Every structure is written in structure tokens, then in C-alpha cells.
1. Do we find a residue being assigned to a helix (DSSP H, G or I) and not aliphatic (A, V, I, L, M) anywhere in region 222-233?
2. Yes or no: PRO282 more than 22 Å from LYS183 (Cβ to Cβ) and in a helix (DSSP H, G or I)?
3. Being in contact (Cβ under 8 Å) with a residue 24 or more places away in the chain, of a type in the set (A, V, I, L, M) and surrounded by 20 or more Cβ atoms within 10 Å (Cβ to Cβ) narrows it down to one of ILE2, ILE45, so name that one.
4. What do you reckon, is ASP372 touching a Gly at 6+ places or on another chain (Cβ under 7 Å), among the acidic types (Asp, Glu) and either outside the structural domain of ARG91 (by TED's automatic domain parsing) or surrounded by fewer than 22 Cβ atoms within 10 Å (Cβ to Cβ) (or both)?
5. Among the helices (runs of 4 or more DSSP H) confined wholly to region 311-378, which include 3 or more residues that are more than 16 Å from the chain's Cα centre (by Cα), of a type in the set (A, V, I, L, M, F, W, C) and farther than 30 Å from THR81 by Cα?
6. Output the number of residues of region 254-279 satisfying the condition of being outside any helix (DSSP H, G or I) and among the basic types (Lys, Arg).
7. How many of the residues in region 278-289 are surrounded by fewer than 17 Cβ atoms within 10 Å (Cβ to Cβ) and either modelled with pLDDT under 95 or not hydroxyl-bearing (Ser, Thr, Tyr) (or both)?
8. Tally time: how many residues in region 345-368 are at pLDDT 95 or above, surrounded by fewer than 17 Cβ atoms within 10 Å (Cβ to Cβ) and small (Gly, Ala, Ser)?
Amino acid sequence: MIVVPDDFPSVFEGSAAHERARALGETRVYTERGAEDEAELARRIGNAAVAINIRAYARFTEAVFRTCPGLKMISIWGTGTDNIDLAAAARHGVTVCNTPGVNAYAVAEHTIALMLAVARKIPKIDREMRGGAWPREMLAQLHGKTLAVFGTGAVGARVAQLARGFGMEVLTWSARRDTTASKDDILRRRFSEAAVMGGVCYVASTIARPGVIHQTGTMQRVVLGEYDGRKSERAAFLHEALVRSGVNAELSGDVRKAIWEKFVFLVALSATTTTMRTTLGPIRENPQTRAFLLDIMREAVAVGRAQGVALPEDYAESRLPFADGLPADMTSSMHHDLERGNRLEVEWLSGGVVKLGRDAGVPTPANRAVCDILALHAAGRKPA
């Protein structure tokens, strides 16, 4: 039995894929709302051997797998696996398949379409013409403009390719190849120091499901400023707007230092919670793991100082009281990614410390150990 428990709004029923599924065996498709309810999802799956997952709101949890012992495979009509408890699937012997890159071209083309809509003011002109006007104004063209693409996965790489076809100059940055803050360096080299403002955000969060970011702790703070330290009108405007919106925001006279201050703790939190598979509380309470947390930060501070960042020599030690004040159940997004089988940021975090340390002649054995421990998990757990 093949079941499609979540075809709402319907895209599968009556499609060519539906016909192909029917050729493989009895197929049942549910086009009504309701698969977001765990019990209802399990009821729809029943004794089916294969479930075709259409919508991310259908959450395949431990309880669903336990209730449906006959389920042997989940085939996802898409790329994301965030709605699947992959560890539970493995425990119950359920194979999870997805279709990586299937929507990359569509998303990339839509990105270019939005760029054209902005450059040519299509929504505004369309609205005015429908109102009887004949607008006449100078419009921008993509040819000759510079586009910065941060992230060169399937979508980003395709966007860059299409943009070059329009005659744009394309700059790309990838967390898998570059190190901390280098994206800002690329922009500053291309557009000058004055054109780029730096900023950093403190928030504990995870991707709950595609399109939904869930805050997992109480920490929330934004620090921003000009790279040359001046108090500019644009920085003051943005700072004021954030404060008025209820955001804990502050202006920095040394935003590069502010970025590294966050980077130091982010590397340590991510490294320890992910390698130790636990939250911050137990790590900071155990003397041995607390010392490892401190060692990770000390190495990051030493590397930052070697890069010319004005971090105090004892900055790592000063972060321990900060860590003690955070919720005991706080963890890192990289820890969540490890549990879900997603690709890890270790190459950019501890890996960034190792690379920059190697270039500056600063030893980084603790961060190197983190990279080695997580090497087999760094690319994520690819569904079969």
C-alpha cells in the first residue's frame, strides 16, 4: 500500500506521479486538511508500507513511527527533511528519500524575476497603467550591476549563472570555503569601506520546519556600526528603528570587534554542545567540559587578536560568567542540525578558527579536535 497522507492543497492527485504510483500498487491519496495532527497522520498512514510526503506540516515523529509499524519508506516530494524525525525513522527501520535540488532552478529563476521586478518597477508601473496613467521614468537595468551571492549551493550557484547571463558582475561567498566575516571583506573590497555597515545578531534559534525559525532561548540582541567607527546617520536611523520595535540594539564604535565577540562564544557553544550531544547546563557544570569550553574560546580569542581584532587577552575568561547566566537547556543550532542529520557549520566555525590560526601561526588543537570529531557528520546524513 502507498499512501499520500497530506495532499492539501492538492498537487499530487491526478498528476503523472499519481499514475506512476498506481502502477506500482494500491495508492490512497488524502486531499483533506488534517495531516498536521499527529494522530490523524498516523491514522491515514495505517498499515501502508510507503508514505509519499507532500507537505512540510505533516510531522513524522517517534509516535507516528511507533503507531505505524508497517511503514518502510517515506518519499519526500521536495528537498527538506526537517519535518521528519530522522533518528526515529532509523530506529524503526524506515528509509527516508528526498529529491535534492529539485526546485533549485525554479527558486533561482524566481529570484531573478524579483530582481527584474524591482529594477524595472514592474508592480508600480503596472498599478499606475491600470489606473489610466502612462508613467515615464528612468529605470535600472541588471546589465553592468554587481550582485553578491552568499551561499553557493544548488540555488545560489544557479542564481549566479543566470545573473552572469544578464551581464552582471557576480561575487560569491560560501560558508563551506570561506571563513568568518570574509563576506563583509568581499563587499568592502568591492564597494569600499564607506558603503558597507557591519552587524551581528545574538539569538538562539533553530529551523523548526521550512520557512519557520523557532527561538529556543531568551537571548536576543543586535549590535551594529560602521567599520570605520563613525556614528553615521544611517547607523543611527537603523538603531533607532530597532529600538522602537522592541529589539535590544546598540551601536558599536568597533563593529569588527563586536562580530568577533559573538564569534568566540558561538564557536564554543556550537563546538561543545554538538560534540558532547547535550545542552549548555551540563557542560558548564562539569569541570572537565567547562575547561574544554574555555579552551575553545581561548583559541578563538588568540586567532582574533592575531588578526588585529581588539579583543582583551582575557576575553575568553570573561565569557564564562555570561555562559553561567544563560538557560541550562540552551544549545546551538549546529547541535540541532546534528540531531536532524543536516549539514553542519563546523567548517565555518571551529574550522574557521583552525584555518585562520594556521595562516597566523596560532595553534588551535581544541578546535581541530572538534573538526575531527564531527568530520563524519559535517555533510549531513543523506537520506537513502
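1. Yes - at least one qualifying residue is present in region 222-233.
2. So PRO282 passes the test.
3. Matching residue, one of ILE2, ILE45: ILE45.
4. no
5. Filter on region 311-378 gives 315-324, 350-360.
6. Residues meeting the conditions: 1.
7. Going through region 278-289 one residue at a time, the tally reaches 6.
8. Qualifying residue count, region 345-368: 0.
The values are calculated or read from the model by the stated rules, or taken from the named source; none is laboratory data. Keep in mind that what you see is a predicted model, and the values were worked out from it rather than measured. Ideal geometry is used to build each Cβ from the backbone, glycine not excepted, and the neighbour counts take in all protein chains shown.
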